[in-house]
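The values are calculated or read from the model by the stated rules, or taken from the named source; none is laboratory data. Remember, predicted model here, so these are calculated numbers, not experimental data. Ideal geometry is used to build each Cβ from the backbone, glycine not excepted, and the neighbour counts take in all protein chains shown.
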Amino acid sequence: MREYLAQLIAESGTLTAQEIVLHIAASAVLSAAIYISYWYTHAGTAYSKKFNVSLVSLTILTATVMTVIGNNIALSLGMVGALSIVRFRTAIKDSRDTAYIFWTIIVGICCGVGDYLVAGVGTAMVFVVLLLLGRVRNENRILLIIRGAKEQSGDMERLVFSYFDKRAVLRVRNTTAEHVELIYEMPRKVWQTSYQKDLDIADALYALGGTEYVNTVTQSDEISG
């Protein structure tokens, strides 16, 4: 048993120069598909070309590391120990970017061990899925913030419900002895129905008397850095 473990630890890669070049070249080709997919399907507020180039580099680097490790247990354990002390603090602005990072790592691992079929089929499948669904965006929500006299709160609520056909959801109601603050949430499509009215919602609220301010805020699920 000791001899077998010693043999495994001492085992080194036996890849030829041609196989090494093939591993890395395959990862570069497949990383181009990842680059095109991210560029074409990106639907965020700001497209980051640097992040897209990093995806290509990460794919090639992962394939290179896997080619170096091969079947060498000593190298693999050393690599795990080295990576365990590395901390990545880059903020992910879009949850979809996480999927792309995993995609690049998986493709790099497959190419590094020479399993091109799995890498190619997986890349093609993910490419098609993201091509069909990758441009889906979360619908922005509108927050309507109203502050005014407390005795006018009933009139303000009835006015908001009449403007948006009772589809505006009251999320927050803050009150003091003299004032009230109402925060409504609604989809953008519901908010756009107010454009059909003769009088803007803000002007209608001010016309009630006692309204201090009316603010509108666009809220999105995307994380901005």
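Could you list, in sequence order, the residues of region 152-165 that are part of a helix (DSSP H, G or I) and either without any contact (Cβ under 8 Å) to a residue 40 or more places away in the chain or of a type in the set (A, V, I, L, M, F, W, C) (or both)? Even if it seems obvious, please write down each step before you answer.
Narrowing region 152-165 to residues part of a helix (DSSP H, G or I): 152-163.
Within region 152-165, Ser153, Gly154, Met156, Glu157, Arg158, Leu159, Val160, Phe161, Ser162 meet the criteria.
So if I check each of Val180, Val118, which one is within 30 Å of Asp97 (Cβ to Cβ) and free of Cβ contacts under 8 Å to residues at least 40 places away in the same chain?
Only one candidate qualifies: Val118.
All but one of (1) among the small types (Gly, Ala, Ser); (2) surrounded by 14 or more Cβ atoms within 10 Å (Cβ to Cβ); (3) at pLDDT below 90 hold for Ser162, so report the exception by its number.
Going through the list (1) among the small types (Gly, Ala, Ser); (2) surrounded by 14 or more Cβ atoms within 10 Å (Cβ to Cβ); (3) at pLDDT below 90, Ser162 breaks only (2).
Scan region 205-219 residue by residue and report those that are closer than 14 Å to Leu144 by Cα, loosely packed, with under 14 Cβ neighbours inside 10 Å and hydrophobic (A, V, I, L, M, F, W, C).
Val217
Can you find, within region 87-108, the residue that is modelled with the lowest pLDDT among those that are over 14 Å from the mean Cα position of the chain (by Cα) and buried (at least 19 other Cβ atoms within 10 Å of the Cβ)? Spell out how you get there, then give the answer.
Filtering region 87-108 for residues over 14 Å from the mean Cα position of the chain (by Cα) gives 87-89, 104-108.
Narrowing the set further to residues that are buried (at least 19 other Cβ atoms within 10 Å of the Cβ) leaves 104, 107-108.
On the way: Thr104: 92, Val107: 91, Gly108: 88.
Step by step, filter region 87-108, then rank; the result is Gly108.
Hey, any hits in region 166-181 for a residue that's part of a helix (DSSP H, G or I), under 20 Å from Gln219 (Cβ atoms) and at pLDDT below 85?
Filtering region 166-181 down to residues part of a helix (DSSP H, G or I) leaves none.
No, every residue in region 166-181 fails to be part of a helix (DSSP H, G or I), under 20 Å from Gln219 (Cβ atoms) and at pLDDT below 85.
Would you check if Met79 is in a helix (DSSP H, G or I) and at pLDDT below 65? First the steps, then the outcome.
On the way: in a helix (DSSP H, G or I): yes; at pLDDT below 65: yes.
Considered against the rule, which asks whether it is in a helix (DSSP H, G or I) and at pLDDT below 65, Met79 comes out as yes.
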